[in-house]
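To keep things clear, I will list the structure first and then write my remarks on it.
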């Protein structure tokens, strides 16, 4: 029983720690638009090339970890009903929820802004719900 009480107290302590970090803006939050480092490998199949951008889709306690979850963006991806589009740097850019990935926060290079509250972000959330059957 004592162990259960400790488990119940942990989220409050964790939330305080998270709020302290969030106040210092040391990690991205849900819907942040970020640029990440380019991987230095030659791949096969569906490998993204060029500057790599993504939208952060993890939030809260999960962003306190060393990795965050992003949906990559691509200007070369083919249109699909589950790939919402946004105009970025004058080009049509598509979100790739089917290539959802965890990325080490140290690989993030630049904060590009936020897409919170936009029709693009709502469409992205719906695409993720559809993809993951949530």
Item checked: Residue order, fewest to most beta carbons within 10 Å, for 53, 122, 64 -> 122, 64, 53
Item checked: Estimated FRET transfer efficiency (residue 98, residue 65; beta-carbon r; R0 30 Å; 0.05) -> 0.85
Next item on the list: Within 10 Å of each residue's Cβ, count the other Cβ atoms and sort 105, 78 from fewest upward.
Entry: 78, 105
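Values quoted throughout were computed directly from the atomic coordinates according to the rules given, and no laboratory measurement underlies them. Given the structure is predicted, the values throughout are model-derived calculations rather than measurements. Every residue, glycine among them, receives a Cβ derived from its backbone with ideal geometry; neighbour counts consider all protein chains shown.
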